[in-house]
Each structure stands twice: as structure tokens, then as C-alpha cells.
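All remarks here apply to the structure that follows.
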């Protein structure tokens, strides 16, 4: 008995009609999958680092001053490195109430506008992230803790992740413009 709440298997990223765009999209998909696997490892490593920290503090009364920042840095990388992968599946949170109310052609225009605005925002965010990375690297900025890791590390992960997300959204914008199939 079905109640209308069936989970559909996740469909893969949309494949553009244009051959060059399709090849670039495939390369980007493979790179995103690699980053996703690395991010999964980093997430497990983060859990191990935090567990180590709790155990050594509680049982051995040994202070650790590096684990919090190392964990935050890894979580920053995981968050930003996985964003493009999630976007390729259109897995980000979206409000789909309008999609069911609008005619398909109007909904396609709505999706294009959302992708275009998202691309512009992410391109700006990428640019600002690269400027933060550059300033932190050139000025030798570090955190204020006794561990004092360089800030270019999280800024670099943020900048790279946002740049990949920007490329992913650009592929989706170009797919809207070049696809000849009915469902864009």
C-alpha cells in the first residue's frame, strides 16, 4: 500500500546536450565525486580527532589545543568541497511549492533565473574568498590560539569549494541555454 511518500532513487546530474559542455560536465562530476570521497574521509577523521580529544582530556588530563581548530578546518573543507556535488544533483534545499503550480515552461524560466542569480552570487563569493585567501597568505595571518594554524588553509578550502560550486552552477546555466530537449 503506497501513501505517496515513496523515495525515488537519486537521479544523476543532468547531462547537457552540447558535446563540449557534456564533456566538461562529466569531468566536473568526476572531480566532485573525488572530493566527496575525500570529504567523507575527512569527516571520519574529524570524529576520530574529537574523540581522541575527549578521551585524552577526561582520562589522562592532557590538554589538547589543536583538535578544535583542526576539526573546524576539516569541517570547513567538507562543507565547501561537497557543495558542488550536492548542487549537481540539485540536492540543496529548495521550495518546490511553485513548481507544482506553474506551467512547465514558466517553471523552466523560474529555474533558469534561480540558477543565474545563484551563479552571480557564488561568483562574487568565490572572488571574495580568493581575496581572503590571498590576504591571509601574504600577511601570514594565523588564528589567535596557541596552536596558531595559518588562516590561508580554511580560506583556501572555502575559495576552492566556492569556485567549484560556481563552475557547477555555470554548467547548469549553460545547459538551460543549450539544451534542445523539451525538459530542461
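The values are calculated or read from the model by the stated rules, or taken from the named source; none is laboratory data. Note that the structure is a prediction, hence the values are computed from the model and not measured. Don't worry about glycine lacking a Cβ; one is built from the backbone with ideal geometry, like all the others, and counts go over all protein chains shown.
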| Since residue 68 meets every condition but one in (1) outside any helix (DSSP H, G or I); (2) farther than 26 Å from residue 29 by Cα, which condition does it not meet? | (1)
| Leading residue by the ranking (farthest from residue 12 (Cα to Cα)) among those in segment 73-111 that are more than 13 Å from the chain's Cα centre (by Cα) and modelled with pLDDT of 95 or more | 73
| query | What is the one condition in (1) at pLDDT below 95; (2) crowded, with 18+ Cβ neighbours inside 10 Å; (3) part of a helix (DSSP H, G or I) that residue 16 does not satisfy? | reply | (3)
| note | When every residue in segment 74-86 that is touching a helix residue (DSSP H, G or I) at 6+ places or on another chain (Cβ under 7 Å) and surrounded by fewer than 19 Cβ atoms within 10 Å (Cβ to Cβ) is compared, the one farthest from residue 56 (Cα to Cα) is 76
| task | Please give the helices (runs of 4 or more DSSP H) falling wholly within segment 91-184 in which 3 or more residues are surrounded by 13 or more Cβ atoms within 10 Å (Cβ to Cβ). | result | 104-139, 152-178
